[in-house]
Number of protein chains: 2
Amino acid sequence: LVIVGKLINTSRKDIEVIIDERDKDSIQRIAKAQVEAGADYLDVNCGTRAYDERETMEWLVNAVQEAVQVPLCIDSANIEAVEVGLKLAKYGQPLINSITAQEDVFKKVLPVVRAHKAKVIALCMNEEGIPETGETRFITAERLVTDLTSAGVDEDDIYLDPLIQPISVNDKAGKEVLKTLRMISEKYPKVHKICGLSNVSFGSPNRKMLNRLFMVLTMGHGMDSFILNPLDRATMGHIYATKALLGQDSYCLGYIAAHRKGHYQGQV
Amino acid sequence: LVIVGKLINTSRKDIEVIIDERDKDSIQRIAKAQVEAGADYLDVNCGTRAYDERETMEWLVNAVQEAVQVPLCIDSANIEAVEVGLKLAKYGQPLINSITAQEDVFKKVLPVVRAHKAKVIALCMNEEGIPETGETRFITAERLVTDLTSAGVDEDDIYLDPLIQPISVNDKAGKEVLKTLRMISEKYPKVHKICGLSNVSFGSPNRKMLNRLFMVLTMGHGMDSFILNPLDRATMGHIYATKALLGQDSYCLGYIAAHRKGHYQGQV
């Protein structure tokens with residue numbers, strides 16, 4: 001399971017303040033904490049700062065890489081900011097967040113993916129937006145995999161994001177995503193599946209619990225990567241428990257270690 | 001989703017005491033509490049009392065039916081005790097717990113199922129015990145469905161129990177059950193799937209949480225009935241949340257009502 005730590009994002013107020021003050025210690029502390037908690041990648045997103053996004057990306061990537069040696073997930077809709085991040089990324093194979101099946105986006109991002117031999121998150125959306133049903137989402141997924149692999153991108157470097165929508169808006173939204181996951185896993189066993197979790201609960205009560213249980217359900221249907229807050233001990237605890245229940249944890253050793261680290265404290 | 005309340009079982013110390021004292025008020029209180037908490041059936045099991053099981057079954061069934069008007073799940077390995085319960089059961093269609101693919105058990109229980117037009121829990125075990133893999137479990141499931149339906153039992157009256165084993169003993173135990181569930185759902189969409197939950201966590205830490213998350217996973221793979229403690233608010237909360245996430249809760253109204261009832265208090 002691949003965990004992308006999501007905390008370094010300027011849409012978060014604390015990160016915005018840290019960047020305004022160029023407070024390197026604080027950003028490095030957040031980077032380290034996420035890696036210690038189990039993040040395999042760190043997402044870096046400063047997209048709220050259109051006025052200095054490239055400069056901020058440069059500062060962030062450098063600051064983070066002084067503190068931790070994990071690959072980064074360069075997260076921006078601005079392809080120039082993505083390139084700034086990729087050029088500086090020096091640990092492992094970076095992940096680009098993201099490409100889509102929209103023709104203009106695809107054409108703009110693909111050359112960057114190829115030039116940097118990066119991994120890439122491919123959002124299952126096209127010109128018409130986010131397809132509603134599992135089947136139509138899967139058609140978009142197929143188009144993304146076909147177009148990326150014909151351009152030379154390895155299946156193992158593709159992370160399809162089915163784009164989870166709120167169940168408060170469409171009560172079949174979760175079900176359709178699970179269907180898409182099964183279809184992707186059957187047709188493309190080497191392609192990865194990734195998502196963020198908070199959308200599913202938008203507009204519903206008890207959001208964190210809903211997010212975690214949807215995470216559990218998606219793992220049961222083949223999701224193998226998440227963009228999440230690894231400092232949330234209960235979320236990480238749910239991951240360890242679910243891996244054990246799904247037979248992905250030899251002798252349940254990861255689960256038992258998580259228990260010893262206190263991931264289940266207060267949960268009865 | 002069908003919930004069988006499991007609390008009336010003499011393997012529980014409090015129930016044993018209640019029965020010794022023929023404390024009708026207490027047993028009725030437990031019956032009512034389970035129904036109010038959402039139980040569709042109440043399990044009645046006094047199998048630890050071989051010396052007076054039939055008499056106790058009679059007392060229990062009568063006492064419970066004075067308090068609540070739900071169908072009962074008559075739970076015993078002693079076919080005479082099962083018959084005592086079935087003869088007295090007067091609300092809805094009772095459920096027999098259980099038949100197996102073992103020839104002697106099957107031959108003994110089948111006539112009782114037919115005579116009472118009862119629903120029946122069919123455990124996926126045969127002469128060799130509990131099959132290890134998803135595929136061999138499914139073969140036993142097929143045999144049970146074939147033999148029961150050829151004897152005139154409706155598919156809708158069969159509740160297959162895949163028999164969950166502890167992941168502490170076999171770390172693939174959970175995965176294999178999920179596979180069996182998918183295979184059953186594909187071949188027999190009308191047949192129900194039921195299980196108890198506590199076995200999966202036997203020998204592991206944080207058992208309740210593990211049980212609940214396995215419940216969530218099995219729901220994602222088609223489990224539609226559980227034998228559980230409906231007074232555990234977190235468990236019931238997980239059920240409402242999972243139904244909403246799986247598109248089984250129109251406009252998420254059941255989930256929202258559960259929230260208002262405080263099913264998620266203390267969970268963040």
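The values are calculated or read from the model by the stated rules, or taken from the named source; none is laboratory data. From a predicted model like this one, the values you see are computed outputs, not experimental measurements. For neighbour counting, all protein chains shown are included, and Cβ atoms are generated from backbone atoms with ideal geometry for every residue, glycine included. Quick note on the areas: whole protein, heavy atoms, side chains included, nothing else; ligands and nucleic acids left out. Shrake-Rupley method; radii C 1.70, N 1.55, O 1.52, S 1.80 Å.
Looking at B:Leu217, B:Leu163, B:Leu245 in this structure, which one is over 24 Å from A:Lys179 (Cβ atoms) and not charged (D, E, K, R)?
Values: B:Leu217 fails: over 24 Å from A:Lys179 (Cβ atoms); B:Leu245 fails: over 24 Å from A:Lys179 (Cβ atoms).
The unique qualifying residue is B:Leu163.
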Being at pLDDT 95 or above, more than 20 Å from A:Val105 (Cα to Cα) and among the aromatic types (Phe, Trp, Tyr) narrows A:Tyr188, A:Tyr159 down to just A:Tyr188
Do we find a residue being free of Cβ contacts under 8 Å to residues at least 12 places away in the same chain and within 11 Å of chain A (Cβ to nearest Cβ) anywhere in the stretch B:216-223?
no
Go through the stretch B:233-268 and give me each residue that's more than 9 Å from every other protein chain (Cβ to nearest Cβ) and in a loop (DSSP other than H, G, I, E, B).
B:Lys261, B:Gly262, B:Gln265
Would you call B:Glu127 loosely packed, with under 15 Cβ neighbours inside 10 Å and either among the aliphatic types (A, V, I, L, M) or farther than 18 Å from B:Lys193 by Cβ (or both)?
yes
If you take the residues of the stretch A:184-212 that are open to solvent by 60 Å² or more (accessible area, probe 1.4 Å) and more than 29 Å from B:Ala234 (Cα to Cα), which of them is nearest to the other protein chains (Cβ to nearest Cβ)?
A:Glu186
Which of the residues that make up the stretch A:137-160 are farther than 25 Å from B:Lys243 by Cβ, under 19 Å from the mean Cα position of the chain (by Cα) and buried (at least 16 other Cβ atoms within 10 Å of the Cβ)?
A:Thr140, A:Ala141, A:Leu144, A:Val145, A:Leu148, A:Val153, A:Asp157, A:Ile158, A:Tyr159, A:Leu160
Odd one out for B:Leu228 among (1) over 20 Å from A:Gly222 (Cβ atoms); (2) touching a residue at least 12 places away in the same chain (Cβ under 8 Å); (3) open to solvent by 40 Å² or more (accessible area, probe 1.4 Å); (4) away from chain A (no Cβ under 12 Å):
(3)
Filtered residues of the stretch B:46-68 (kept if out of contact with any Cys (no Cβ under 6 Å at 6 or more places or on another chain), more than 17 Å from B:Ser26 (Cα to Cα) and open to solvent by less than 60 Å² (accessible area, probe 1.4 Å)):
B:Gly47, B:Arg49, B:Asp52
How about the stretch B:169-183: which of its residues are open to solvent by less than 60 Å² (accessible area, probe 1.4 Å) and facing chain A (nearest Cβ under 8 Å)?
B:Asp171, B:Ala173, B:Gly174, B:Glu176, B:Leu178
How many of the residues making up the stretch B:25-60 are closer than 30 Å to B:His263 by Cβ and either assigned to a helix (DSSP H, G or I) or not polar (S, T, N, Q) (or both)?
21
Number of positions in the stretch A:231-262 that are open to solvent by less than 30 Å² (accessible area, probe 1.4 Å) and more than 15 Å from B:Val200 (Cα to Cα):
10
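Looking at the stretch A:69-85 only, could you name the residues that are among the aliphatic types (A, V, I, L, M) and open to solvent by less than 10 Å² (accessible area, probe 1.4 Å)? Quick ask: steps written out before the conclusion?
Taking the stretch A:69-85 and keeping what is among the aliphatic types (A, V, I, L, M), we get A:70, A:72, A:74, A:77, A:79, A:81-82, A:84.
Answer for the stretch A:69-85, where residues must be among the aliphatic types (A, V, I, L, M) and open to solvent by less than 10 Å² (accessible area, probe 1.4 Å): A:Leu72, A:Ile74, A:Ala81, A:Val82.
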